[in-house]
Amino acid sequence: SHASGVITTVSSTLAGVTSATFTVTNSFVTTASVICASLVNYSGTMVTNGEPVINVSNLASGAFDIQVTNVHATNALAGIMKIAFIVG
């Protein structure tokens with residue numbers, strides 16, 4: 001089975017070189033799943049308003065974590081992110 005979705009975040013103000021993690025629950029996820037996640041839209045201006053990077057971690061039955069990292073050295077994020085994911 002497959003599942004996909006788009007997560008719309010609140011407006012993030014994550015500081016430079018900082019991460020935040022949230023859990024996504026989805027009944028299609030198993031411990032053998034492959035999760036692909038990607039930033040598909042960011043309302044901030046890249047570099048001026050930080051540089052968000054998306055990673056998937058902590059795969060479990062029914063859930064996984066998405067970690068958002070602002071990889072810019074100094075500029076904070078200032079915008080809403082849309083993160084698409086697919087469960088395979």
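Set side by side, the residues Gly50, Gly44 differ, and just one is at positive phi, modelled with pLDDT of 95 or more and surrounded by 13 or more Cβ atoms within 10 Å (Cβ to Cβ), which is Gly50. Counting residues in the range 2-10 that are modelled with pLDDT under 95, in contact with a strand residue (DSSP E or B) (Cβ under 8 Å, 6 or more places away or on another chain) and among the aliphatic types (A, V, I, L, M) gives one or more.
Regarding Ser11, is this residue open to solvent by 80 Å² or more (accessible area, probe 1.4 Å) and either within 10 Å of the chain's Cα centre (by Cα) or small (Gly, Ala, Ser) (or both)? So Ser11 does not fit the description; no. With the structure loaded, tell me whether Ser33 is in a strand (DSSP E or B), of a type in the set (S, T, N, Q) and open to solvent by less than 80 Å² (accessible area, probe 1.4 Å) or whether it fails that test. The answer is no for Ser33.
The values are calculated or read from the model by the stated rules, or taken from the named source; none is laboratory data. Quantities reported herein were computed from a predicted structural model and do not represent experimental measurements. FYI the Cβ positions are ideal-geometry reconstructions off the backbone, even for glycines, and counts take in every protein chain you see. Remember, those area values only see protein heavy atoms, side chains included, never the ligands or the DNA or RNA. Shrake-Rupley method; radii C 1.70, N 1.55, O 1.52, S 1.80 Å.
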